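The values are calculated or read from the model by the stated rules, or taken from the named source; none is laboratory data. No experiment lies behind these values; they were computed from the predicted model shown. So basically every Cβ, Gly included, is an ideal-geometry build from the backbone, and we count neighbours across all protein chains shown.
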Amino acid sequence: MTRRGLTDWLGELNWPHPRSEDIVLAVYEALANVVVHAYPRQPGAATVGEAELFAMEITEANRRCLRAVVTDYGCWRPGAVEQCCQGWGLAMMAACMDSVRIDPSPRGTTVIMTSVPVGIPVHRRPHTSPPSWFTSIIVNR
């Protein structure tokens with residue numbers, strides 16, 4: 001649901017491919033990290049938590065970028081790698097975006113990602129969606 005919603009919103013903003021795919025992949029990875037790392041599975045108990053995604057288009061002169069902020073209210077676990085096939089998420093986010101900043105705190109973790117700048121289309125299609133997008137995700141596993 002979140003991937004489709006973000007993809008649709010980027011389409012309404014006329015975000016170019018493959019840059020829009022990079023944004024969706026980085027955001028999806030940040031949200032996957034919330035599920036795996038912010039709310040670790042407890043033996044014999046259900047794990048429930050929350051994450052929020054806020055994304056906004058930032059326009060300057062003849063360029064624009066997208067800032068995506070993923071916030072959770074779990075606990076930060078630096079360098080937590082549980083299995084051999086995990087551990088590439090932060091590197092993937094960094095490869096897809098222009099910048100990635102992680103702000104852990106006792107109240108949770110915020111990941112702030114800024115996309116690679118792209119040009120503003122000459123014939124920009126008018127869009128009806130606002131220049132920002134928000135969704136809240138419940139983690140239940």
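Sort out which residues of segment 46-70 are crowded, with 20+ Cβ neighbours inside 10 Å and either under 9 Å from the mean Cα position of the chain (by Cα) or among the small types (Gly, Ala, Ser) (or both), and write them in order of number.
If the condition is that a residue be crowded, with 20+ Cβ neighbours inside 10 Å and either under 9 Å from the mean Cα position of the chain (by Cα) or among the small types (Gly, Ala, Ser) (or both), then Ala51, Leu53, Ala55, Ala68, Val70 are the ones that fit.
Are any residues in segment 8-27 part of a helix (DSSP H, G or I), at pLDDT below 95 and buried (at least 19 other Cβ atoms within 10 Å of the Cβ), and if so, which ones?
Correct list: Trp9, Leu10.
For segment 29-45, give me each residue that is surrounded by 17 or more Cβ atoms within 10 Å (Cβ to Cβ) and part of a helix (DSSP H, G or I).
The answer is Glu29, Ala30, Leu31, Asn33, Val34, Val35, Val36, His37, Ala38.
Could you say whether any residue in segment 37-54 is at pLDDT 90 or above and within 15 Å of Met97 (Cα to Cα)?
no
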